[in-house]
Amino acid sequence: MSTMTIFKRNSGVHNVEEIIMTNGSLQVTVVPEANMVISSFKKDGKEILGQRFGLEGYIEKGKAFGIPFLSPWANRVTETTYNVENYTVTFNTEGMKTDENGYANHGLMTAIKGWRISSFEIGDETILEGYYKFDSQTPNFKSYPFKHDITITYILTKNSLEVITKINNSGDKTLPIAFGWHPHFNTTVEQIKTNGVSYNIPLSSKCLPLEEFDSEDTDPTALMFKMNKSWSTEMITESGLLKMTTNNYPYMLQWNPPEYDFVAVEPMTANIDPFKNSPTLLKENEEYIATFKLIF
């Protein structure tokens, strides 16, 4: 008898649909109508992901939980204008999610709808794929006026969940790559070990990169790292040892706010405040593929 299933149901939050994938002892819940967020990841019925304010808080207030996709940038942007090669963008935060300092945070796609979904099984893999066309119909497009196609693929096996993100530059401008993910794990800093750190990037109290460490101006809840092209993190969870492996995420932010019982280990394709910090640039029709994998 097959232990692989995939089915849809109403989430009970704002009438949005969720998709539940199971394979062996693992179960993943994805909400395509909320920007493909992974709202739950369980092993033997035990939740691995920090829930914070849950799906309702994510949809209504942009409060990240589970594993949200952060795009077209993963963290803060401070500019009112920025340049990509010879093209200047005027940045307007109206209608965007902002942090306590008024900086645009977590991109433009928080809880966004409009994904085209397909699902299938191949061998012992359960697969869910989403496609989104980022263009002038996307809210706040003028603040990131770069057309591109996004494909996210979730692959669930009996012992792992792989997340593949592909960006294709479908426009006629050079496109800056700065997306990332925000996994919240039910673990502690003491139970996490990371391999593949290149160097630490000091952060200010506003969670912005500094040239050098300043003991008078630092964020005690966040650590930022430049990583090797491939890096990994191991952590102890209630369901045992969980390993995260990555490829093509050259930055990582670790966030540990003391008021919550989780640690965020965030694979990112660019530094914080990316348009000031030399993001990867894609020419027309070029693509960027990055992956991370959670393995029990």
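The values are calculated or read from the model by the stated rules, or taken from the named source; none is laboratory data. Keep in mind that this is a model prediction, so the values were computed, not measured. Methodologically, a virtual Cβ is constructed for each residue, glycine included, from the backbone with ideal geometry; neighbour enumeration extends over all protein chains shown. SASA here: full protein model, heavy atoms, side chains in, ligands and nucleic acids out. Shrake-Rupley method; radii C 1.70, N 1.55, O 1.52, S 1.80 Å.
Which residues in the stretch 64-90 place their backbone N less than 17 Å from a point set 7 Å from the Cα of S136 along the Cα-to-Cβ direction?
90
Please work out the average accessible area per residue across the stretch 24-171, using the 1.4 Å probe convention, and give it in Å².
Per residue, the stretch 24-171 has an accessible area of 40 Å².
Using packing as a proxy for protection, rank 14-26, 94-106 so that the peptide with the highest average count of other Cβ atoms within 10 Å comes first.
Ranked from most to least packed, the peptides come out as 14-26, 94-106.
Percent of accessible area on the chain owned by carbon and sulfur, 1.4 Å probe?
45 percent
Using only alpha carbon positions, build the gyration tensor of the chain, then give the equivalent ellipsoid semi-axes as the square roots of 5 times its eigenvalues, largest first, whole angstrom.
29, 23, 18
Could you pull out which residues in the stretch 222-242 have an amide N less than 16 Å from a spot 7 Å beyond the Cα of E190, following the Cα-Cβ vector?
235-238
Over the stretch 209-296, give the accessible area per residue in Å² for a 1.4 Å probe, as an integer.
Value returned for the stretch 209-296: 48 Å² of accessible area per residue.
Could you work out the helix-only [θ] at 222 nm for the chain, with each DSSP H run of four or more residues adding -39,500 (n - 2.57) and the total divided by the number of residues, to the nearest 500 deg cm²/dmol?
When only DSSP H runs of four or more count, the value is -500 deg cm²/dmol.
Between E287 and N159, what is the spin-label point distance in nm, taking each point 7 Å from the Cα along the Cα→C-beta axis?
In this crude label model, E287 to N159 measures out at 2.9 nm.
Using Cα positions and a limit of under 18 Å, work out the aspartates and glutamates in reach of K283, with same-chain residues fewer than 8 apart set aside.
Filter leaves E85, D135, D149, D172.
Report Rg(Cα)/(2.2 N^0.38 Å) for the stretch 69-148, keeping two decimals.
1.35
Say each of T218 and I236 gets a label point 7 Å from the Cα, pointing the same way as Cα to Cβ; how far apart are those two points in nm?
2.6 nm
Taking 26 Å as the cut-off for C-alpha to C-alpha distance, list the pairs among K133/K226; K46/K226; K133/K243; K61/K229; K97/K276 that go past it.
K133/K226; K46/K226; K133/K243; K61/K229
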